[in-house]
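Here's the structure we're looking at; comments come further down.
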Amino acid sequence: MTFDQYAAAVPFYDLWHEDGHVPEVREKLPPLVRGDVLEIGAGTGLITELIAAATEGEIFALEPSLGMRSVLLSRLAGRPDLLGRVTVLPYGALDVDLDEPVDMVVMIAVLYAIEDRAKLWETLARQLVPGGRLVFNYTERPMPTPSEPARMAAYQVGRHTYEIWGRTHAVEGERVSASFTYRIRHGDAVISEDVVESVTYRPSAATVRAELTAAGFAPDEAPEGLQAWRLAK
């Protein structure tokens, strides 16, 4: 069994994402969804349920984290209408190899986590039918700078406060090293605290565009905050 580096974040995941990108994705993604879908980085299933509501096709929900995947499967257990058409894949984006290609790949809050994007685009292209669509969220922002720890969010759950703290350690090119502290307080007392080291990659819009074009994709229309690309070959 491999170490699940995301396990500490699981109790905070839905709180943080519902307060972040999920409401916007919930508004903008459904009109783009068609047919059978491969979801890269399904997390706890927030976007999986959204995709399922937008298509009657088969869904392949890929999630390497055991902790995240456990919540996703628990979510599906309460949805008997989805158990027959959502397959949960327990591995990473670079390892996916479906039995048949799908009409669409959805990748939300995943791009920054992938270092080998050339292999990513090549792998995803193999999963798509000709003319299939790749959709992911992306907004070009200034690169962060090294910083002291700062509280990013806090949520009250009963008598406990769930806090997320972040700190940027180093920036080298598009590589960003950071750490996140997941802390639970009962009043002034800290009853749980975990620190997760993180490395992300922040490519420019021009870099992403060049990579996708080289991988055989052509740009398609998408609302602000999302990018859509068609497999052109």
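The values are calculated or read from the model by the stated rules, or taken from the named source; none is laboratory data. The structure presented is a predicted model; accordingly, all values stated were derived computationally and were not measured. All Cβ positions, glycine included, derive from the backbone under ideal geometry; neighbour counts span all protein chains shown. With ligands, DNA and RNA removed, areas are computed over all heavy atoms of the protein, side chains included. Shrake-Rupley method; radii C 1.70, N 1.55, O 1.52, S 1.80 Å.
In region 55-66, what count of residues is obtained for those that are of a type in the set (Gly, Ala, Ser) and either in contact with a Ser or Thr (Cβ under 7 Å, 6 or more places away or on another chain) or under 21 Å from Leu111 (Cβ atoms) (or both)?
As a first pass, look at region 55-66 and keep what is of a type in the set (Gly, Ala, Ser): 57, 61, 65.
Of the ones still in play, those that are also either in contact with a Ser or Thr (Cβ under 7 Å, 6 or more places away or on another chain) or under 21 Å from Leu111 (Cβ atoms) (or both) are 61, 65.
Summing the residues that are of a type in the set (Gly, Ala, Ser) and either in contact with a Ser or Thr (Cβ under 7 Å, 6 or more places away or on another chain) or under 21 Å from Leu111 (Cβ atoms) (or both) in region 55-66 gives 2.
Only residues that are of a type in the set (Lys, Arg) and within 17 Å of Gln5 (Cα to Cα): list them for region 65-79, please. If you could, list the steps in order and put the result at the bottom.
If we filter region 65-79 for residues that are of a type in the set (Lys, Arg), which is where we start, we get 69, 75, 79.
Hit for region 65-79 is Arg69, nothing else.
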Exercise. If Met107 satisfies every condition in (1) under 26 Å from Gly225 (Cβ atoms); (2) more than 18 Å from the chain's Cα centre (by Cα) but one, which is the exception?
Worked result: (2)
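If we only count strands (runs of 3 or more DSSP E) wholly inside region 84-149, which ones have 2 or more residues that are at pLDDT 95 or above and more than 20 Å from Pro219 (Cβ to Cβ)? Spell out the reasoning first.
Values: elements: 86-89, 102-107, 128-137.
Where strands (runs of 3 or more DSSP E) fall fully within region 84-149 and carry at least 2 residues being at pLDDT 95 or above and more than 20 Å from Pro219 (Cβ to Cβ), they are 86-89.
Give region 15-59 a look and list any residue that's charged (D, E, K, R) and either within 25 Å of Trp165 (Cβ to Cβ) or modelled with pLDDT under 95 (or both), or say none. Even if it seems obvious, please write down each step before you answer.
First pass over region 15-59, keeping only residues charged (D, E, K, R): 18-19, 24, 26-28, 34, 36, 39, 49, 56, 58.
Once the filter is applied, which keeps residues that are charged (D, E, K, R) and either within 25 Å of Trp165 (Cβ to Cβ) or modelled with pLDDT under 95 (or both), region 15-59 yields Glu18, Asp19, Glu24.
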Exercise. Which residues, counting only those in region 203-216, are among the hydrophobic types (A, V, I, L, M, F, W, C) and either over 19 Å from the mean Cα position of the chain (by Cα) or loosely packed, with under 13 Cβ neighbours inside 10 Å (or both)?
Worked result: Ala205, Ala206, Ala210, Ala214, Ala215
Exercise. Is it the case that some residue within region 188-202 is surrounded by 12 or more Cβ atoms within 10 Å (Cβ to Cβ), within 21 Å of the chain's Cα centre (by Cα) and over 30 Å from Leu50 (Cβ atoms)?
Worked result: yes
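Quick check on Thr139: is it touching a Phe, Trp or Tyr at 6+ places or on another chain (Cβ under 6 Å) and open to solvent by 20 Å² or more (accessible area, probe 1.4 Å)?
No; evaluated as a whole, the condition is false for this residue.
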Seminar exercise, completed: Flagged in region 30-65 as aliphatic (A, V, I, L, M), in contact (Cβ under 8 Å) with a residue 40 or more places away in the chain and surrounded by fewer than 22 Cβ atoms within 10 Å (Cβ to Cβ), in numbering order, are Leu32, Val33
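Can you pull out every residue in region 204-213 that is touching a residue at least 60 places away in the same chain (Cβ under 8 Å) and either more than 15 Å from Ile114 (Cβ to Cβ) or not acidic (Asp, Glu) (or both)? Break it down stepwise before answering.
If we filter region 204-213 for residues that are touching a residue at least 60 places away in the same chain (Cβ under 8 Å), which is where we start, we get 204-205, 208, 211-212.
Ser204, Ala205, Val208, Leu212, listed by residue number.
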Exercise. Any residue in region 200-211 that is in contact with a helix residue (DSSP H, G or I) (Cβ under 7 Å, 6 or more places away or on another chain) and farther than 30 Å from Val10 by Cβ?
Worked result: yes
Exercise. Which of the residues belonging to region 152-187 are of a type in the set (A, V, I, L, M), in contact (Cβ under 8 Å) with a residue 12 or more places away in the chain and open to solvent by less than 60 Å² (accessible area, probe 1.4 Å)?
Worked result: Ala153, Ile164, Ala170, Val171, Val176, Ala178, Ile184
